[in-house]
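Take a look at the structure set out below.
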Amino acid sequence: MPFDGLFTHAMIAELRSKIIGGRVTKISQPFPNEIILTIRSQRQNHPLLLSAHPNYARIQITQIPYNNPPVPTNFTMTLRKYLENAKITEISQLDNDRVAYFSFTTRNELGDELPLLLSIEIMGRYSNVLLINQAENKILDTIKHIGPSQNRFRTLLPGATYIQPPKQDLLNPFTDKSKKYLELVQQFPNREILAKQLQKNYQGIATEHALYLADRLHDVGDDLSTNWDQALKQADCPTPNIVEENKAFFTFFKYDDSKVENAESLSVLLDKFYQKKATSDRVQQQGSQLFHVIKVNLQKNRKKLKKLQQTMDSTQKADILRVKGELLTTYLFQVKRGMTEIELPNYYDSEKPVKIALSNQLSPSQNAQKYFKKYQKLKNAVEYVTNQIKITKAEINYLEEIETQLELADPQDLPDIKVELQQEGYLRAQKQNKSGKVRKNKLGQPDTFYSSEGIKISVGKNNLQNDRLTLKMAQKKDIWLHAKNIHGSHVIIHNSQPGEQTLLEAAELAAYYSKARSSGNVPVDYVEVKNIRKPNGAKPGFVIYEGQQTLYVTPDEDEIKKMKKI
């Protein structure tokens, strides 16, 4: 991803125009590697995200909502101690590297002015966020502690002297007076080779941006210095867009291409680009235990179902065993001890001969009784196996429902799913303290949307929310919706007589929050809540209903976002 030195330069220019002079009003750390500073500037709150994620490290103003964890980390407490109500005075960059410095002024306990520096280093798995006392050049704390055993050159621990990242022996494209690029164009006429040489000679240029600059330097008939300068000037006046080439990437350069998605700012661009990727990654990381439990239990139950069906297939032979037993009893006088096989006429099938295997260790009567015992055993198994197949199929259906909810979940939805799996016995309930009391988790609230007609619509994101929403929160005459015969969320329209547009929009929500999210023409059932009931002993989230009608809709993510914002 090209969050390189050039993009860092462009992002800093954007942030300067929005948050310089602002004050820090709130600090939170929603995830282990990410900090959000809420900056109050120009009569607006700007949630500044500083991410040291190994795959998605970045700086931006984000509008994606995050839940603040109940217990703050030590790093969060340090930031709150020093930066709450601090004023941001400058944002700068280390040469053209992926290192940004946020300068703050605040006062210590004695009232003396205290200059602080918050550094964000965007370096893949080495990314970090550091708080530095500028007066003493000492590190106050870091989001990732790096000791001498991990890095001999730089110790990133509280109290250590701050040392900048190792300087690269490369040219800064914004301050280069030698115009090295002119020499490179002459030596390397090939576009791809020129792009690689630009990366080798200039600091902070990702492959995608190097190719763009190589194209500008290869424009025939134009002044190359002008092309180079104009390209770099776009960092101060960016065209935020996502380019769909071999692999989608974001950039601030202007591309004359139909496969481009524009955004109003670089921060909005990153929200668009990273929201799904980062959310999915966090869900996979934080929910790895849940995914594993579901996977293991699904495999176990599918294997069990296969064996049960094989047993059921074998019970189809029960009547054949009974017939053979009766034939042996009827023609017992023809059976002699020591025989291993006999052929007898089947009076149930037009006297056709039937070969019957015998045990030479048993008497004729015992051989007949052996067939009757096998018949009775298989006959008794039919009822048991039929019931076990029903139970196992219900278990698989339930686990597939949880699997779907995990695939569609946001990180904040995972605790509810974990509680449910604990209640159902798939996970052990966590103990809170030495007294042995089980920790009580407060369940999350269903998501709230509003139709274009202003009617409230609620969406359960997991089985516990679904049960509470449908069976406790909804009124009898409210409208309940669910994707037809597809794993998904319960949706409630909090109105007894919604308009056709509201029904369609609620149906879109039901389709979007289901296994059929990416499908077209999804069937969605709707019915009054009074026609919903939950069978005794049913799993969480399972209900039955009657008198429903069906709509067919195609879920549209943009339309869903509009309903969320209303």
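Computing FRET efficiency as 1/(1 + (r/R0)^6) for V296 and Q275, where r is the C-beta to C-beta distance and R0 is 25 Å, gives about 0.25.
The slack between A538 and N397, meaning 0.36 nm per residue of separation minus the straight C-alpha distance, is 49.5 nm.
As a rough guide to protection, the peptides 12-25, 400-413 ranked by mean Cβ packing within 10 Å, highest first, stand as 400-413, 12-25.
What does the C-alpha gyration tensor say about the overall shape of the range 5-142? Classify as rounded when a/c is under 1.5, otherwise prolate if a/b is larger than b/c, or oblate. Here the range 5-142 falls in the rounded category. Distance between the modelled labels on E351 and K138, one decimal in nanometres: 11.1 nm (7 Å Cα→Cβ projection).
Give the aspartates and glutamates whose C-alpha is closer than 15 Å to that of K530, dropping any in the same chain fewer than 8 places away, or say none. Candidates past the 8-residue exclusion: D467, D478, E546.
One-quarter of the Cα convex hull surface for the range 180-283, in nm²?
Details: hull surface 30.7 nm².
Answer in nm², one decimal: 7.7.
For V522, the residues whose modelled amide H falls within less than 5 Å of its own, excluding neighbours fewer than 5 places apart on the same chain, are V553, T554. Residue by residue, the range 127-134 carries 3J(HN,Hα) couplings of 4, 7, 10, 10, 9, 10, 7, 5 Hz when phi is fed to the Karplus relation 6.51 cos²θ - 1.76 cosθ + 1.60 (θ = phi - 60°); x denotes Gly or Pro.
Taken along the Cα-to-beta-carbon direction at a fixed 7 Å, the label points for E109 and Q42 span 3.8 nm. Treating r as the C-beta distance of Q412 and E453 and R0 as 30 Å, the FRET efficiency rounds to 0.60. Across the range 72-93, the residues whose backbone nitrogen lies under 19 Å from the label position 7 Å along the beta-carbon direction of Q150 are 73-79.
With the simple spin-label model, which puts each label point 7 Å out from Cα in the Cβ direction, the Y255 to K81 separation comes to 4.6 nm.
So if R0 is 41 Å, what FRET efficiency would T329 and N531 give, r being the distance between their Cβ atoms, rounded to the nearest 0.05? About 0.15, to the nearest 0.05. By other beta-carbon atoms within 10 Å, ranking W480, W228 with the fewest at the front produces W228, W480. Extension gain for K167 to Q289 (0.36 nm times residue separation, less C-alpha to C-alpha distance): 39.8 nm.
Across the alpha-carbon set of the range 284-414, the Rg to Rh ratio works out to 1.32, Rh being the Kirkwood radius. For the peptides 202-211, 547-556, the ranking by packing is 202-211, 547-556, with the highest mean count of neighbouring Cβ atoms within 10 Å listed first.
For the range 464-553, applying the loop criterion from DSSP together with a ceiling of 13 other beta carbons within 10 Å to the GluC sites (Glu not before Pro) yields E546. Measure up K307/K539; K87/K456; K303/K374; K352/K373; K393/K472 against 32 Å on the Cα-Cα distance and list the ones that go over. Over 32 Å Cα-Cα: K87/K456. For the range 164-260, the number of Lys pairs with C-alpha atoms closer than 17 Å, counting only pairs eight or more positions apart or on separate chains, is 9. Give the distance, in whole Å, between the Cα centre of the range 310-347 and the Cα centre of the range 53-113. That distance is 84 Å. Mind checking which of P189, L213, Q199 is farthest towards the positive end of the range 180-283's charge dipole, using Cβ charges of +1 (Lys, Arg) and -1 (Asp, Glu) about the Cα centre? Of P189, L213, Q199, it is Q199.
So what's the range 447-565 giving for Cα Rg divided by 2.2 N^0.38 Å, two decimals?
On the way: Rg = 12.8 Å, N = 119, 2.2 N^0.38 = 13.5 Å.
Cα-based Rg divided by the globular estimate yields 0.95.
Centre-to-centre, using Cα atoms only, the range 387-412 and the range 443-519 are separated by 19 Å.
Taking Rh as the Kirkwood radius, which is the inverse of the mean 1/r over Cα pairs, what is the Rg/Rh value for the chain?
Numbers: Rg = 34.3 Å, Rh = 29.5 Å.
Using only Cα positions, Rg/Rh for the chain is 1.16.
For the pair T554 and N485, the difference between a 0.36 nm per residue extended length and the Cα-Cα distance amounts to 23.2 nm.
Rule-based calculations on the coordinates, nothing more; no lab input. As the structure is a prediction and not an experimental result, all values here were calculated from the model. Please note: Cβ atoms are built from the backbone with ideal geometry, for glycine as well, and neighbour counts cover all protein chains shown.
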